[in-house]
Amino acid sequence: PATVFISTDFLDGGRMWNDTVIEAVRRANGAELDLRPLGLDCWPMTTLEARRTAIAALLPQLKHRQFETRARLADEIANVAGADLPDDLMLTSDQVRVLHREGIEVGAHTRSHPILATMGDDQAREQIASSKHYLEELLDAPVRLFAYPNGKPGQDYRREHVRMVREAGFMAAVSTATGVATGGADIHQLPRFT
């Protein structure tokens, strides 16, 4: 009835970079969050709307940065915010097993949700293949489907990543290109409505 795509590094207590930023801004102490020392702006924290505005501006500024830089900046934003961040935002391994057992398809979504186009080929190949292997061991079942992180063809992933997905043994993959899959669609770059 549905597929849940899993970035495996975040199971059992992990937190994605964007959730680190969101939770840091949501829970920031003080009337402002001054990120100018990080090369970002200073944001008022006086209202819920001001916090939403800061989040909406920060996420796109970090999204396409190199994987390591993005993770470091998210952690530095959390440090400046001075807030205690939750570590229970993602599924546990047991919850993934239950989903699978109850008939939900489990697909791979890399290990740590990088923008593949910002990585070297060896890193990207490892992110793709190791997420599949991890989930197959966890579920003791084949993992047939893959979702490209962020998913915009040509921007977030390239042709070589499609080849890597095929070579890793995925039956099909989905992008975030808006559209309806037709009989002539590339089964490793299916469009969808999100």
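The values are calculated or read from the model by the stated rules, or taken from the named source; none is laboratory data. For clarity, every value in this text was computed on a predicted model and none was experimentally measured. With ideal geometry, Cβ positions are generated from the backbone for all residues, glycine too; neighbour counts draw on all protein chains shown. What goes into the accessible areas is simple: the full protein's heavy atoms, side chains included, and nothing from ligands, DNA or RNA. Shrake-Rupley method; radii C 1.70, N 1.55, O 1.52, S 1.80 Å.
From its DSSP helices (H runs of at least four residues, each -39,500 (n - 2.57)), the chain gives a residue-normalised ellipticity at 222 nm of -12500 deg cm²/dmol.
Once a ≥ b ≥ c are taken as the square roots of the eigenvalues of the Cα gyration tensor of the stretch 103-194, is the result rounded (a/c under 1.5), prolate (a/b larger than b/c) or oblate (a/b not larger than b/c)?
Oblate shape, in that a/c is at least 1.5 and b/c is the bigger or equal ratio.
Assuming a ≥ b ≥ c are the square roots of the Cα gyration tensor eigenvalues, decide whether the stretch 1-100 counts as rounded (a/c under 1.5), prolate (otherwise, with a/b larger than b/c) or oblate. In terms of gyration-tensor shape, prolate. Look at the dipole of the chain built from charges on Cβ: of TRP43, LEU89, ASN79, the Cα furthest out on the positive end belongs to TRP43.
Excluding ligands, DNA and RNA, the accessible surface per residue across the chain is 50 Å² with a 1.4 Å probe.
Here the Karplus relation 6.51 cos²θ - 1.76 cosθ + 1.60, evaluated at θ = phi - 60°, turns the backbone of the stretch 126-136 into coupling constants of 5, 4, 5, 5, 6, 5, 5, 4, 4, 5, 5 Hz, with x for every Gly and Pro. Taking amide H as placed 1.01 Å from N in the peptide plane, the amide H of PHE5 sits under 5 Å from that of GLY107, each at least 5 places away or on another chain. Look at where the Cα atoms of the stretch 122-194 and of the stretch 1-75 average out, and the two centres are 25 Å apart. Note on the stretch 1-98: with charges restricted to the Cβ of Lys and Arg (+1) and Asp and Glu (-1), its dipole about the Cα centre is near 320 debye.
In terms of packing, defined here as the mean over residues of other Cβ atoms within 10 angstrom, the peptides 6-12, 30-36 line up highest first as 6-12, 30-36. At a threshold of 8 angstrom on Cα-Cα distance, excluding pairs fewer than six apart, so keeping six or more, what relative contact order does the chain reach in percent? Result for the chain is 22 percent. Summarising the amide proton neighbourhood of TYR157: residues at separation of 5 or more, or on other chains, whose placed amide H is nearer than 5 Å comprise ALA117, LYS152. Counting protein heavy atoms only, the stretch 1-80 has 50 percent of its accessible area on carbon and sulfur, 1.4 angstrom probe. Looking at the chain, the DSSP beta bridges with both ends there are about 25 percent antiparallel. Could you tell me whether the stretch 22-62 comes out rounded, prolate or oblate from its Cα gyration tensor? Rule is a ≥ b ≥ c as square roots of the eigenvalues, rounded for a/c under 1.5, then prolate if a/b exceeds b/c, otherwise oblate. Here the stretch 22-62 falls in the oblate category. The Cα atoms of the chain cover 53, 35, 31 Å along the three principal axes, with the biggest extent listed first. Residue by residue, what Karplus-based ³J(HN,Hα) values in Hz, rounded to whole numbers, does the stretch 53-62 have, using 6.51, -1.76 and 1.60 with θ = phi - 60° and x for Gly and Pro? Once rounded to whole Hz, the list reads 4, 4, 4, 4, 7, 6, 4, x, 5, 9.
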